[in-house]
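In what follows, a structure is listed as structure tokens, so that the remarks can point back to it.
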Amino acid sequence: MEKLSTRVMDETSQDANQLDDKGTRIESPKKRSFLLGLGALIGAAGAEKLLGGNAMSVAMAYQSNNQSWQSSGRLFTQKQLQQLRDICQLVIPKTGTAGAGDVDTHGFIDNQLVRCHANWQQVQVVELLKRIESAAIKRFGTAFSDSSESEQLSLLTSIEEAENEFGQDDAEHFAFLKQMIVFGYFTSEVGATHELAYLPVPGGFTGSIPYSSVGKLWSGGM
């Protein structure tokens, strides 16, 4: 399988292992900058949920793969990975550079959930994908990935607003998934070096937003 890129800031993990003369762990400026940036993008509470334990080192060690959605992952089936890829691409679309689906954010999420999150969080995301798939079949007569982009957007908007067949729990689980998408994209080479000025997620799911309306940093919480 062809590797797209390594995660950025691999040196963050190395710097984090440095100790001062008293044996206290030294937090590198690069890591502090990353954490501040992530907190600005998804909110402090969201960043805290994502960065517990060894989450940072696992994230930085992940190797992106542009074909990950073509086979089953550690947690998701092949169809769920394809569905998640489509959702990632809708949340952070391709503009002048790659979107979240293009940089294997879906594979990142699959790995991150298994390596760093509790079983109940894994189940939440899997069940959310199942509910999205079921809703697509009911509404459009086809799988989510086979639906048109406008149909996919309308369905995700329903989740965001907890309307029709979706409730508040679904909206909260979707918010968590969006936070993971931002985290995965932000730690990819493309996201960290080119796309910090275009992250339309924290203010709520809106699909594609013109670059000129976003500004240099789209900050806020979920």
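For the stretch 53-71, the criterion of being over 15 Å from residue 184 (Cβ atoms) and either crowded, with 22+ Cβ neighbours inside 10 Å or at pLDDT 90 or above (or both) is met by no residue. Within the bounds of the stretch 89-99, is there any residue that is in contact with a Phe, Trp or Tyr (Cβ under 9 Å, 6 or more places away or on another chain), not in a loop (DSSP other than H, G, I, E, B) and not hydroxyl-bearing (Ser, Thr, Tyr)? Yes; the residues of the stretch 89-99 include at least one that is in contact with a Phe, Trp or Tyr (Cβ under 9 Å, 6 or more places away or on another chain), not in a loop (DSSP other than H, G, I, E, B) and not hydroxyl-bearing (Ser, Thr, Tyr).
What do you reckon, is residue 150 at pLDDT 60 or above and loosely packed, with under 15 Cβ neighbours inside 10 Å? Against the criterion (at pLDDT 60 or above and loosely packed, with under 15 Cβ neighbours inside 10 Å), residue 150 qualifies. Here residue 142 meets each of (1) part of a helix (DSSP H, G or I); (2) without any contact (Cβ under 8 Å) to a residue 60 or more places away in the chain with one exception, condition (1). When the stretch 156-184 is filtered for residues that are in a helix (DSSP H, G or I), under 30 Å from residue 55 (Cα atoms) and free of Cβ contacts under 8 Å to residues at least 24 places away in the same chain, the ones remaining, listed by number, are 168, 169, 171, 172.
The values are calculated or read from the model by the stated rules, or taken from the named source; none is laboratory data. Here the structure is a predicted model, which is why all the values come from computation and not from measurement. Heads up, the Cβs are rebuilt from the backbone with ideal geometry, glycines too, and the neighbour counts pull from every protein chain shown.
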